[in-house]
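Some notes on the structure that comes next.
The values are calculated or read from the model by the stated rules, or taken from the named source; none is laboratory data. Model, not experiment: these values are computed from the prediction. With ideal geometry, Cβ positions are generated from the backbone for all residues, glycine too; neighbour counts draw on all protein chains shown. Side chains are part of the model used for accessible areas, which takes the heavy atoms of the whole protein and leaves out ligands, DNA and RNA. Shrake-Rupley method; radii C 1.70, N 1.55, O 1.52, S 1.80 Å.
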Amino acid sequence: MYTAFKHLHSGLRYVVLLLLILAIITAISGVIGKKTYTEGNRKLNLFTLIAAHIQLVVGIVLYTMSTMVSFSDMGTVMKTANLRYWTVEHVIMMVLAIVLITVGHSKSKKAINSAAKHKPIAVFYTIALVIIIGAIMMAVNKGFITFWGV
Ligand code: HEM
């Protein structure tokens, strides 16, 4: 089960990253080109939110199973790079990114004109993408994973 969830969570990163990048490019081109906010834009932004939320749920399940997550001796956890990363740093950064995606989507949904609908997606989804890439790069730099594989 642990391995299955780890593979699912690992694979979902590509879906989240791809959808985020597409949504951001579409939103920025919508703002700059003063384009109408279409049904296609709405669906893309919604699917990105859903993918991020599925990743959150899978992440929470994985968190309860992972051998890299420990609360038994927080002193040791905080001094051990891989335990600290998966127990504390990864979760804080990823949850923050998903909250930003949720806020951006909600602001866009409530806005009444096209520019005001594109803008929060462009801003909030971009900040979330930077945080997600930053979190993945931290794990890559510490040698825990590779960016495009496991
Ligand atoms: C957009 C959000 C997220 C992305 C892109 C993401 C990405 C990743 C990646 C790439 C891995 C490495 C998988 C591997 O070793 O093959 C991983 C592992 C993990 N993630 Fe996330 N994650 C996200 C959110 C979360 C959240 C919200 C939680 C917890 C609440 C979480 C908990 C974990 C855990 C526990 C591991 C496994 C550590 C291990 O046992 O090796 N992730 N994540």
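Observations on the structure shown:
- Filter result (within 14 Å of the chain's Cα centre (by Cα) and surrounded by fewer than 15 Cβ atoms within 10 Å (Cβ to Cβ)) within region 104-126: none
- For region 61-81, the criterion of being farther than 22 Å from residue 8 by Cβ, assigned to a helix (DSSP H, G or I), touching a residue at least 24 places away in the same chain (Cβ under 8 Å) and open to solvent by less than 60 Å² (accessible area, probe 1.4 Å) is satisfied by at least one residue.
- When we screen 51, 23 for residues that are touching a helix residue (DSSP H, G or I) at 6+ places or on another chain (Cβ under 8 Å), farther than 16 Å from residue 117 by Cα and not polar (S, T, N, Q), the only hit is 51.
- Residue check for residue 93: hydrophobic (A, V, I, L, M, F, W, C), within 11 Å of the ligand (Cβ to nearest atom) and not in a helix (DSSP H, G or I): no
- The set of residues in region 44-85 being closer than 21 Å to residue 100 by Cβ, among the polar types (S, T, N, Q) and near the ligand (Cβ under 9 Å from one of its atoms) consists of 55 alone.
- Residue count, region 8-22 (criterion: charged (D, E, K, R) and more than 8 Å from the ligand (Cβ to nearest atom)): 0
- Residue under evaluation residue 145, criteria (1) open to solvent by 60 Å² or more (accessible area, probe 1.4 Å); (2) part of a loop (DSSP other than H, G, I, E, B); (3) of a type in the set (Val, Ile, Thr), criterion not met: (1)
- Residue match in region 33-43 (condition: within 13 Å of the ligand (Cβ to nearest atom), touching a residue at least 60 places away in the same chain (Cβ under 8 Å) and under 21 Å from the mean Cα position of the chain (by Cα)): no
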